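Worksheet for the structure shown next.
The values are calculated or read from the model by the stated rules, or taken from the named source; none is laboratory data. Just so it is clear, the structure is predicted and the values come from calculations on it, not from any experiment. Using ideal geometry, Cβ is built from the backbone for each residue, glycine included, and neighbour counts are taken over all protein chains shown.
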Amino acid sequence: MKKVLLVLMLIFLTGFNAVFADAGWENPKSIRTYIEPNDKKMMMKQAFAKWTQLTNGKIVFKYVTSPDDAQIKVKFVKDASKDMKNLEQAIGVTHATFAVLPSRKVVLNTATIEIADHAPGSTGKLMLKDRIFRVMVHEIGHAIGFLGTHAHSSDRQSIMFPAAVSRNQDVTQNDLNFLAKLYGW
Ligand SMILES: [Zn+2]
């Protein structure tokens, strides 16, 4: 009975992501993560490690060998899809689903990150590595709780700014403060 209810709630919530904007992982110190085999897999792992390092080990990704066991899945696509708009969005996109705990707290249930090799409309032009890395860090930001009304920063120095405006964009103290508030650190 409980299981049926949870499944129903998931279907309901998935269509209303924006309503439940502030949701983190229930166990942020052990988020089961799967990265598809790809020549950028190591770079992706470095991007995950960056968030672990910056949160002083409060967010940890535990790699699993099967996508079926994963909470966060990373897929690589050859070309950016048409629904990837603007920056990130030219190179990456993240979809999240939510679940409701018995305590009625809303938490992240799954997150799927797609990273593209090529920018849209650029006739197959390969992306620069450091730009792809920044998009990876940005997309992981979404996958750990930068969602809904808090999806993007208005600070142009932040990695969570919705466009690539500078090579110096990085995770800012404000970004970390948001996570601290979200997870109650
Ligand atoms: Zn974004």
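For the stretch 32-59, name all the residues that are in a loop (DSSP other than H, G, I, E, B) and within 11 Å of Met136 (Cα to Cα).
Passing the criteria: only Lys40.
Right, Met84: among the aliphatic types (A, V, I, L, M), buried (at least 18 other Cβ atoms within 10 Å of the Cβ), modelled with pLDDT under 85 and away from the ligand (no atom under 13 Å from the Cβ) or not?
No: the conditions fail for Met84.
Name the residues in the stretch 152-179 that are surrounded by 13 or more Cβ atoms within 10 Å (Cβ to Cβ) and without any contact (Cβ under 8 Å) to a residue 12 or more places away in the chain, would you?
Across the stretch 152-179, the qualifying residues are His152, Phe161.
Which residues, counting only those in the stretch 134-185, are among the aliphatic types (A, V, I, L, M), within 11 Å of the ligand (Cβ to nearest atom) and in a loop (DSSP other than H, G, I, E, B)?
Leu147, Ala151, Ile159, Met160, Ala163, Ala164
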